[in-house]
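Okay, so here's the structure we're looking at.
Please treat every number below as a calculation from the coordinates, not as lab data. For clarity, every value in this text was computed on a predicted model and none was experimentally measured. Glycine also receives a Cβ, built like all others from the backbone with ideal geometry; neighbour counts cover every protein chain displayed.
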Amino acid sequence: MLNLYKMFLFAAERLPDQQALVQGDRRYTYFQLEKEINRVASALHKLGLKPHDRVVVMLKNRIETVVVFWAVQRLGAVFTPVNLRLSADDILYCVNDLEAKFIVFEEAAKHLLMKQKFNERPLFISLEEGIGDIHYGELLTSGTAEAPIPPVSDDDLAGILYTSATSGKPKGVPRTHKNEYSSTMAHIIQCGYRMYDRTLGIPALSHTIGLRSLLAMTLLNGVYVPLRDFDSEKALRVIAKEKISCLFLTPTLYHDLVFHPMAESTDFSEVHSIVYSAAPMPEEVIQRCEELMRPHYFVNHYGSTEIFTFASFPDVRKKQGCAGKPGINQRIRLMEPDREGKGTRTLVTGRGEMGEILVDMSSAEAFKGYWNRPDATRKAIKEGWYLTGDVGFIDDDGDLHVVGRVDDMILSGGENIYPQEVEKVLSEHPDVREAAVIGEDDKRWGQIVTAFIVPRGAKLTPQALDQFCKSHKQLPGYKRPRKYVFISEVPRNSAGKILRRELRDGNYSELTSF
């Protein structure tokens, strides 16, 4: 039976003295990492963690996060990381949705958890002393070198990752051991990774990008170098010092790395593969990466949390923005978008013809449906195909290009943002008559949230709106508008729907622009 912990165990037995994990001055070999994993797993078992139990993890990228991940896998439980950038309301929803047994957290997440009214209170395990029911150091002292390894099948859940939904409620995406192993193998092949590679762990393990980097390095007996907080200068120093050989980041993070003043003097000579996902990469960022790193592989990975790989293109320098061919475990098709919900679709076969991108659900990388959300599952999966909501076309070479969304989702810094949830918050302000939100192209973030506001009077200011959004419980900081435009009315069609295209095209009566 295939499972992720066996993958780790094979790596640890194959090369026990090989370096596995580095953070600052702390360095673990595979043997040392296995010892700490065993102690934590033993302690969690004593506390009552059983196979299939869900463990919510609210930690930044750090050694302890990696240890907890593998300890949970060893016990056949389910690793359920929750993004620290979510609102307190969303975090409460996730914990209750999961019926979590434990929550492992650090000081930075304390304010999001305390005084919450959980349906069933989980056991709180903190990294620091004095803020949880038990702390990480106590796990190490109470645990032993031995912990049970229950039978785990490849169809058992390894993790549940949360992704945004159009309603604003996060959707849990269950991922089996087969899903994660197959996705990791495909990623290694599609990105030209090599044995003993070394990567920088910047994307959080609550993202499929972050998890893929950790698993790929483990399978290859490579080195995972996590960074708790992203800082361009620190990241550049680590790339040079730790001889980083492959990177998997969002375009925003690449932008901040390569345009930092220190980038010119950074040694990128070991980097042979750079991979990006989550948003389009601007041409100037591609050119700058090429100038500084000159990688052998420059990969655009197109996929999702639900199905890791849709398509992959090995060298965006040759065809900017191209998503390439279907992944090695995948096939795709284009269908005429069913915008009116009639349930009938026409297959799109012509080169250059636009269509909604559908992905085969029989792939080993594909999830089976959302956690506790049959409504969302029915909407996303039709007759064995996953509806991505993206629109694209196939060029004369048979390569896929993604041009936008069927809906109006905003992609900012690798995060999905839906206009409706931002509009709802803005409309709660007493001086806002109407609000409409779109994504505006931005070189650094991919897109920024731009809000068009019909004010009730002359006293409303962008500063007041920004402060209102910052203090709102239901709006995480990354969803906050970065630009406000005051207009006389929101353009709508005869059915009352907002005409976002009119706003994007500048067809509105402006009062004041900031």
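Quick notes
- Looking at the range 84-158, the trypsin sites (Lys or Arg not before Pro) that sit in a DSSP loop and have at most 12 other Cβ atoms within 10 Å of their own Cβ are LYS115, LYS117.
- In sequence order, the range 389-401 has phi-based couplings of x, 8, 10, x, 8, 9, 8, 5, 8, x, 9, 8, 10 Hz under the Karplus curve 6.51 cos²θ - 1.76 cosθ + 1.60, θ = phi - 60°, and Gly or Pro positions carry x.
- Per-residue 3J(HN,Hα) values for the range 266-278, derived from phi via the Karplus relation 6.51 cos²θ - 1.76 cosθ + 1.60 with θ = phi - 60°, read 7, 7, 9, 4, 7, 6, 10, 9, 10, 10, 10, 7, 5 Hz in sequence order (x marks Gly and Pro).
- If you take the alpha carbon atoms of the chain and fit the smallest convex hull around them, that volume is 155 Å³ per residue.
- Size descriptor, Kirkwood hydrodynamic radius, that averages inverse alpha-carbon separations across the range 207-336, Å: 15.4
- Value of relative contact order over the range 18-112, rounded to a whole percent, pairs C-alpha under 8 Å and six or more apart: 30
- Neighbour counts of other Cβ atoms within 10 Å put THR80, THR250 in the fewest-to-most order THR250, THR80.
- Amide H contacts of HIS135 (H built 1.01 Å from N, under 5 Å, at least 5 apart or other chain): SER126
- Net charge of neighbours whose Cβ lies under 15 Å from the Cβ of GLU284, counting Lys and Arg as +1 and Asp and Glu as -1: -2
- In percent, rounded to a whole number, the relative contact order of the range 279-425 is 19, using alpha-carbon pairs under 8 Å and six or more apart.
- Under the combined filter of DSSP loop state and at most 13 neighbouring Cβ atoms within 10 Å, the range 401-491 retains none of its chymotrypsin sites (Phe, Trp or Tyr not before Pro).
- Loop chymotrypsin sites (Phe, Trp or Tyr not before Pro), the range 67-159, which have at most 16 other Cβ atoms in a 10 Å radius of their Cβ (DSSP): PHE118
- Less than 5 angstrom separates the built amide H of LYS325 from those of SER312, LEU400, all sequence-distant by 5 or more or on a different chain.
- Computed on the chain, with alpha-carbon pairs under 8 angstrom and 6+ residues apart, the relative contact order is 11 percent.
- Helical contribution to [θ] at 222 nm, DSSP H n ≥ 4, -39,500 (n - 2.57), averaged over the chain, rounded to 500: -8500 deg cm²/dmol
- Kirkwood-Stokes translational diffusion coefficient of the range 411-513, alpha-carbon pairs, 10 °C, 1.306 mPa s, µm²/s: 115
- Per-residue ³J(HN,Hα) for the range 139-147, Karplus 6.51 cos²θ - 1.76 cosθ + 1.60, θ = phi - 60°, Hz, x for Gly and Pro: 4, 5, 7, 8, x, 10, 6, 10, 8
- Shape descriptor for the range 44-172: Rg over Rh equals 0.95 (Cα atoms; Rh from the Kirkwood inverse mean 1/r).
- Amide hydrogen neighbours beyond the local backbone of LYS171, cut-off 5 Å, H modeled: THR163, SER164, ALA165
- For the listed residue pairs LYS60/LYS234; LYS117/LYS169; LYS459/LYS483; LYS169/LYS479; LYS60/LYS379, the alpha carbons are over 21 angstrom apart in LYS60/LYS379.
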